[in-house]
Amino acid sequence: MWTHGWPGMAWLLVAAAVPGCLRPTSAAADVQEPPPSGRRVQRESRGEVERRDSLARTDSILREMARLDSIDRADSLRRAAQLPAVLARRDLYFALAGGVSTPTGDFSTPYDPGWNLTVAFGWQRPRSRWGLRGDMTIDAHTGDDFTASTFPPVIGDSPGVGFVESIFEVDHGTVWSGSLAVTVDLLQWGVNRLSTLYVLGGGGVHLFTMPEMSLTPMTGPGRGNTSHYAGERQMRFGLNGGGGVSLSVGRAAVFVESRYFTAYTDNTNSDWVPLIIGMKWY
């Protein structure tokens, strides 16, 4: 029985010893490869969250920068689109024109039509119908040869009593003028409203350079005897009014204009009407 029991006992001892030997080995394995602690898992999760937050903030900043950049570009394009209109019609403008000048009334007796030269400076706010304009003009009229039994008052006083029918030979006359007028646009059209139908009126000062003149009586004691009279100068105040139309050409405008001028000269008024065509630059 002992003989047969010893192997069994040995087997039991070995079986009992083996599990005991296996536990420390498992424990040692457990100690060598410990499972991640709760603190380490929590630290890694916070790092991931911080990285995600950082990426989200960066993306938000980039989106905001893109939005602001888009707004800036839109504003730049809008300002660039408005710039031509602003430049096309500034407050101040300059004009140069010329044409024909026609005397009327008593002023047409000694003078025939001549020419006009106009230099103008104007001020008008964009999109406004009202403005101011200053003009410097020269009206040169051709002297006429005519026969009259009375001395034309626009030339001056009669040289003597008992004036008889005579032949007049009048040299060219010139009127230098400086005037200020108010302008009103009745109609405005076009992209920059440079095309207009307008009226203007105002007053100014006129310097008349009266020409030399020769006088030859046709009857009476002095018949056939020619007398020469030197011209005189006189400066007088006058008024003017008229209108015109302008058509835009880029940042400029072509205009056609006519005004009626009257100056309060000695003996009678001197009247003339220039018809001019010119260019305005804004």
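The GluC sites (Glu not before Pro) of the range 145-247 include none that DSSP puts in a loop with a beta carbon having at most 11 other beta carbons within 10 Å. Restricting the trypsin sites (Lys or Arg not before Pro) of the range 184-282 to loop positions (DSSP other than H, G, I, E, B) with no more than 14 neighbouring Cβ atoms within 10 Å leaves R223. Among beta bridges from DSSP that stay inside the range 166-238, the antiparallel ones total about 100%.
Computed from the coordinates by the stated procedures, all read-outs in this text should not be read as laboratory data. Everything numeric in this text was worked out from a predicted model, so none of it was measured. With ideal geometry, Cβ positions are generated from the backbone for all residues, glycine too; neighbour counts draw on all protein chains shown.
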